[in-house]
Amino acid sequence: MNKNKKKIITVASNKGGTGKTTVSLCLALYFSYKKNKKTLLMEMDSSPGDFSVLFNVNNENSIEIALKFPSKLCSFVKNIGNNLDIIKGFSNPLFAEEAKSDEINDLINIALKNYEIIIIDTQNVLNGLIIDVLKITDYVFLISELEVESLYRNMEFINLLKNKFLLHHDNFYFLINKKRLIDIFKIIDISRIITLPILGFISFERNFNKSLVLNNKSRFLKTKTFTSISKILENFYLNNIA
């Protein structure tokens, strides 16, 4: 594998319910299935997140264990299909608070030796763990809906990262989720307001079911949501990763 082509993509938002996990799932399947890249999907969530239910995993497949034994990362991931492994987040917020920067960096460095693409699904509450991840990520996909509150909170999130944590936003891209046909005028207005690149608009799908990722992967790959994200990613892949 060409080390220069290995990439870390972090999916983030400062508002809950925008679809971070859905986008993370689609990214992971896009790279593993469509591009045949060995991919690791990591859940950096201490809420806890959705991975326990979505992938039927327990604490043995968790980051909180892998952080203590980073060299044995492959023992803690769970394979869910062609080229795709997952590892779930923290079972308790206290464990996340105890994680140290050097532990995060060691784990990511080990992962980069074994995977071409790392997708990191984060929580909407900013903490030291997320800051550490954002410092070493190659691209940040900010997920927002076409609503003033969602966009405003994400812009505030960017300003906080820039002014307080000195994180530059040259590698930040907006992905606007749940676009409806009636949103065309909003799109025109929003595109004038947002100064960061808008990677694309994800079509709204009323009956989208995240659990298909494990129960019926072939059906998941045919959903409007996955198809929409795949089309958005094609140009990004050719310009940044291929």
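Within region 6-21, is there a residue that is more than 17 Å from ASP121 (Cα to Cα) and in contact (Cβ under 8 Å) with a residue 40 or more places away in the chain? Steps first, answer last, please.
First, pick out the residues of region 6-21 that are more than 17 Å from ASP121 (Cα to Cα): 6.
Remaining after also requiring in contact (Cβ under 8 Å) with a residue 40 or more places away in the chain: 6.
Checked against the condition, which is being more than 17 Å from ASP121 (Cα to Cα) and in contact (Cβ under 8 Å) with a residue 40 or more places away in the chain, region 6-21 yields at least one hit.
Please go through region 27-42 and give me each residue that is under 16 Å from PHE141 (Cβ atoms) and in a helix (DSSP H, G or I), ordered by number.
LEU27, ALA28, LEU29, TYR30, PHE31
Among all residue pairs at least 6 apart or on different chains, which show Cβ distances below 8 Å where the first residue, located in region 44-71, is at positive phi and the second is among the aliphatic types (A, V, I, L, M)?
What qualifies is ASN56/LEU214.
Of the residues that sit in region 107-165 and are in a loop (DSSP other than H, G, I, E, B) and hydroxyl-bearing (Ser, Thr, Tyr), which one is farthest from the chain's Cα centre (by Cα)?
Residue satisfying both the conditions and the ranking: TYR115.
Would you point out which residue out of ASN109, ASN114 is at pLDDT 90 or above and in contact with a Cys (Cβ under 7 Å, 6 or more places away or on another chain)?
Working: ASN109 fails: in contact with a Cys (Cβ under 7 Å, 6 or more places away or on another chain).
That would be ASN114, the only listed residue that is at pLDDT 90 or above and in contact with a Cys (Cβ under 7 Å, 6 or more places away or on another chain).
Of everything in region 45-76, what is under 20 Å from LEU94 (Cα atoms) and of a type in the set (Phe, Trp, Tyr)? Give them in sequence order.
Residues satisfying the conditions are PHE51, PHE69.
Residues that are polar (S, T, N, Q), in contact with a Lys or Arg (Cβ under 9 Å, 6 or more places away or on another chain) and farther than 26 Å from VAL213 by Cα: does region 121-130 have at least one?
Step one: of region 121-130, the residues polar (S, T, N, Q) are 122-124, 127.
After this cut, where a residue has to be in contact with a Lys or Arg (Cβ under 9 Å, 6 or more places away or on another chain) as well, the list is 122-124.
Still in the running and farther than 26 Å from VAL213 by Cα: none.
Within region 121-130 (the criterion being polar (S, T, N, Q), in contact with a Lys or Arg (Cβ under 9 Å, 6 or more places away or on another chain) and farther than 26 Å from VAL213 by Cα), the answer is no, since none of the residues qualifies.
Just checking, which of LYS72, LYS68 is in a loop (DSSP other than H, G, I, E, B), out of contact with any strand residue (DSSP E or B) (no Cβ under 7 Å at 6 or more places or on another chain) and surrounded by fewer than 16 Cβ atoms within 10 Å (Cβ to Cβ)? Quick ask: steps written out before the conclusion?
On the way: LYS72 fails: in a loop (DSSP other than H, G, I, E, B).
From the options LYS72, LYS68, the qualifying one is LYS68.
Could you pull out the residue among LEU107, LEU151 that is touching a strand residue (DSSP E or B) at 6+ places or on another chain (Cβ under 6 Å), in contact (Cβ under 8 Å) with a residue 12 or more places away in the chain, among the hydrophobic types (A, V, I, L, M, F, W, C) and farther than 17 Å from LEU27 by Cα?
Working: LEU107 fails: touching a strand residue (DSSP E or B) at 6+ places or on another chain (Cβ under 6 Å).
Result: LEU151 is the single residue among LEU107, LEU151 that is touching a strand residue (DSSP E or B) at 6+ places or on another chain (Cβ under 6 Å), in contact (Cβ under 8 Å) with a residue 12 or more places away in the chain, among the hydrophobic types (A, V, I, L, M, F, W, C) and farther than 17 Å from LEU27 by Cα.
The values are calculated or read from the model by the stated rules, or taken from the named source; none is laboratory data. Remember, predicted model here, so these are calculated numbers, not experimental data. Glycine gets a Cβ as well: all are built from the backbone with ideal geometry, and neighbour counts include every protein chain shown.
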